[in-house]
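Input: a single structure, listed below in structure tokens.
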Amino acid sequence: LTALLVAIPLGSLTLHARAMRDLVGERDSRAARAAADSITEQLNHRAAAIRGLALRAAASGSPRYAAQRVLTDYDFLLPDFEGGLALFAADGTLLAASNAPEAWRGRPIAELLTKTAGQSEPQFSTAFPDPERGEFVRLVAATTPGSPMAVGAFFPASLARRALAGVVSSNDQINAWIVDDQHHLLYQTGTPRPASDLTQHPGVANALRGES
């Protein structure tokens, strides 16, 4: 009888703890999926914006004065492209930029010229560190035959902040990390952890395979 009196409360506590873990796990899973969906939507929005800029550049011709005028007309996109907007000729020559030309030096423009050649859909570059802000930056580019290549630079960390702001409140005890397919740690919130520790976490490999 004594054993039963001890076992029943312990069993109830074990079942309760398991149920709470499942509940918290389900909440975290929904939050992660919501954040991922939000980031995907923002990436699609930026790709569509650059596609529109490329079409506008194709309609206006490729001289430098026309390219600069096109960028001026599209300066409403700058809040989404904190790293700047630019138009490049087919040989990689910078025709116009919304920011200083020096900001585009060292960026993988040649890679994007190759990726966008013959492609109707915008193409993204791999993430690379920005020397001025100390954050990773990505480029998205689009072009049409015979027209300049439109390029926009944005910071994945900014996308992550916006996405997580809608699903994670400041009162939640949640740690969140954004990692790309090259295992770059693009953003983290909550308790800081070393980048090498996070990128080797087994959950990262699962997520990159589309699992949870």
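Return the long-range amide H neighbours of residue 130 (sequence gap of 5 or more, or a different chain), with a cut-off of under 5 Å between placed amide H atoms.
Result for residue 130 returns 135, 136, 137.
Nearest 10 degrees, 0 to 90: what angle lies between the long axis of helix 2-60 and the longest principal axis of the chain (Cα atoms)?
In the chain, helix 2-60 runs at an angle near 10 degrees to the longest axis.
Springs between alpha-carbon pairs under 10 angstrom, Gaussian network model over the chain: which of 140, 151, 24 fluctuates most?
24
What is the angle, in °, between the Cα long axis of helix 156-165 and the longest principal axis of the Cα atoms in the chain? Nearest 10 is fine, range 0 to 90.
With rounding to tens, the tilt is 40 degrees.
Counting only C-alpha contacts under 8 Å and six or more residues apart, can you give the relative contact order of the range 116-194 as a whole percent?
Numbers: 102 pairs, mean separation 16.2, N = 79.
Computed over the range 116-194, the figure is 20 percent.
Using alpha-carbon positions, what is the distance between the centroids of the range 82-109 and the range 25-39, in Å?
Using only Cα atoms to place each centre, the spacing works out to 35 Å.
Rolling a 1.4 angstrom probe over the protein heavy atoms, how many square angstrom per residue are accessible across the chain? Walk me through the numbers before you get to the answer.
Values: 12190 Å² over 212 residues.
That works out to 57 Å² for each residue.
Under a GNM of the chain (C-alpha, springs under 10 Å), which listed residue has the highest mean-square fluctuation: 135, 26, 82?
With Cα springs under 10 Å in the chain, the top fluctuation among 135, 26, 82 is at 26.
Please report, as a whole percent, how much of the solvent-accessible surface of the chain comes from carbon and sulfur atoms (probe radius 1.4 Å).
Details: 6860 of 12190 Å².
Accessible surface attributable to carbon and sulfur in the chain totals 56 percent.
In terms of modelled amide H atoms, which long-range or inter-chain residues lie less than 5 Å from the amide H of residue 186?
Placed amide hydrogens put 178, 179, 180 under 5 Å from residue 186.
Only Cα pairs under 8 Å and at least 6 apart count here; give the relative contact order of the range 62-121 as a rounded whole percent. Don't jump to the answer; show the numbers that get you there.
Working: 44 pairs, mean separation 17.3, N = 60.
Relative CO of the range 62-121 lands at 29 percent.
With percent of Cα pairs over 32 Å apart in mind, check (i) 17; (ii) 33; (iii) 28 and report the label derived from this structure.
Calculated percent of Cα pairs over 32 Å apart: the matching label is (ii).
Express the relative contact order of the chain as a whole percentage, based on alpha carbon pairs under 8 Å and six or more residues apart in sequence.
Details: 270 pairs, mean separation 40.0, N = 212.
Answer for the chain is 19 percent.
Could you tell me the accessible area of residue 201 in Å² (1.4 Å probe, neighbours in place), rounded to the nearest ten?
Taking all protein chains as shown, residue 201 has close to 80 Å².
Putting +1 on Lys and Arg Cβ atoms and -1 on Asp and Glu Cβ atoms, find which of 90, 15, 110 reaches farthest to the positive end of the dipole of the range 6-131.
Of the listed residues, the answer is 15.
Residue farthest toward the positive end of the dipole of the range 32-183, with Cβ of Lys/Arg at +1 and Asp/Glu at -1: which of 58, 119, 142?
Of the candidates, 58 comes out farthest on the positive side.
Filter the chymotrypsin sites (Phe, Trp or Tyr not before Pro) in the range 67-166 down to the DSSP loop ones having no more than 15 other Cβ atoms within 10 Å, then list what survives. Before the final figure, lay out each step's value.
On the way: sites: 74, 76, 81, 88, 104, 124, 136, 154; in loops: 74, 81.
Qualifying residues, ordered by number: none.
The values are calculated or read from the model by the stated rules, or taken from the named source; none is laboratory data. Everything numeric here is computed off the predicted structure, so don't read it as measured data. Positions of Cβ are generated from backbone atoms using ideal geometry, with glycine treated the same way; all protein chains shown enter the neighbour counts. To get the accessible areas, we keep the full protein, side chains included, count just its heavy atoms, and leave off ligands, DNA and RNA. Shrake-Rupley method; radii C 1.70, N 1.55, O 1.52, S 1.80 Å.
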